[in-house]
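Presented below is the structure to which this report refers.
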Amino acid sequence: MAGKSVPHFHNEPGVPAIAVGAKEFMCIGALPPFDHPHVFLDMGADNEIICQYCSTLYRYQPSLGAGAADPAECVWHDDSAAVAA
């Protein structure tokens, strides 16, 4: 079973902006079961993007790892996939 290659982030804490180490990722809004549709965001040549569902501002910070965020609690790990395996 392949691991999740696209990082997923959420804004459950309600912070004004989240720094991420990837320019391509998924935003889930809040933690399940209150998440919005998981949308793929691609910054392209830009260094920030706003999620069209939850209005979270994401800023690219290259010093972070691809799956990392600041605040770190905004990284979503789908633990249900590990349980199902």
Exercise. Note down the net charge around Pro32, summing +1 for each Lys or Arg and -1 for each Asp or Glu among other residues with Cβ under 11 Å from its Cβ.
Key: -4
Self-check item: Net charge over other residues, Cβ less than 13 angstrom from the Cβ of Arg59 (K, R count +1; D, E count -1)
Solution: -2
Practice problem: Express the carbon and sulfur contribution to the solvent-accessible surface of the chain as a percent, rounded to the nearest whole number, probe 1.4 angstrom. | Solution: 55
Self-check item: Approximate shape of the stretch 1-44 as ellipsoid semi-axes (Cα gyration tensor, √5λ), whole Å, largest first
Solution: 17, 15, 9
Practice problem: Arrange the residues Leu31, Leu57, Leu41 by how much accessible surface each exposes, largest first, with a 1.4 angstrom probe. | Solution: Leu31, Leu57, Leu41
Quiz item: Just the accessible area per residue of the chain, please: how many Å² with a 1.4 Å probe?
Solution: 59
Quiz prompt | Computed [θ] at 222 nm, deg cm²/dmol, the chain (DSSP H ≥ 4; -39,500 (n - 2.57); rounded to nearest 500) | solution = -1500 deg cm²/dmol
Quiz prompt | Of Val15, Val39, Val75, the one that fluctuates the most in a GNM where the chain has Cα springs shorter than 10 Å | solution = Val15
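The values are calculated or read from the model by the stated rules, or taken from the named source; none is laboratory data. Just so you know, these numbers come straight off a predicted model, no measurement behind them. Cβ sites come from the backbone with ideal geometry, for glycine too, and all protein chains shown count toward neighbours. Surface accessibility is based on the protein's heavy atoms, side chains included, excluding ligands, DNA and RNA. Shrake-Rupley method; radii C 1.70, N 1.55, O 1.52, S 1.80 Å.
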